[in-house]
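The values are calculated or read from the model by the stated rules, or taken from the named source; none is laboratory data. The model shown is predicted, which means the values in this text are computed figures rather than measured ones. Note: ideal-geometry Cβ built from the backbone for every residue, glycine included; neighbour counts use all protein chains shown. Only protein heavy atoms, including side chains, enter the accessible area calculation; ligands, DNA and RNA are left aside. Shrake-Rupley method; radii C 1.70, N 1.55, O 1.52, S 1.80 Å.
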Amino acid sequence: MSNDTSSKKKLMKVFWILLVITIIEIVWGMFISHGLPKFINALFFLSFTLIKAGYIVAEFMHLKYEHKAFRMAVLVPLVFFFWFIIAFCYDGGAFLENKKKFNSETTLKANPATDHQAHH
């Protein structure tokens with residue numbers, strides 16, 4: 001078997017694996033996701049997206065074929081990167097909630113007529 005044929009077979013294998021994962025995502029989105037909690041759907045799509053991204057990086061960027069130390073040097077910081085994104089989103093959400101709460105309390109205190117009407 002020539003190297004060209006083996007490369008084509010490998011490429012087709014990657015294609016079919018990514019196609020199956022994508023079809024699973026589409027079927028989930030069209031038929032299964034309705035009525036499920038948003039958290040479950042988000043977790044499902046995030047997981048499958050990370051699986052596809054990891055597979056693409058492993059095959060097309062050849063990370064799968066590198067030395068273990070190099071793979072760890074790439075993957076460990078990536079884990080922290082995702083943690084930073086989650087932490088910043090959570091922190092930003094908390095900031096916005098506190099800002100809304102502060103603004104509503106400030107508005108009530110600044111308008112005594114509204115506060116007076118609420119007691120009657």
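The table for this structure:
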| item | result |
| --- | --- |
| Unmet requirement for Lys8, which otherwise passes all of (1) at pLDDT 90 or above; (2) of a type outside the set (S, T, N, Q); (3) over 25 Å from the mean Cα position of the chain (by Cα); (4) open to solvent by less than 70 Å² (accessible area, probe 1.4 Å) | (4) |
| When residues of the stretch 61-120 are limited to those that are closer than 30 Å to Val14 by Cβ and of a type in the set (Gly, Ala, Ser), the one modelled with the highest pLDDT | Ala69 |
| Criterion violated by Ile23 - all others in (1) more than 20 Å from the chain's Cα centre (by Cα); (2) open to solvent by 80 Å² or more (accessible area, probe 1.4 Å) satisfied | (1) |
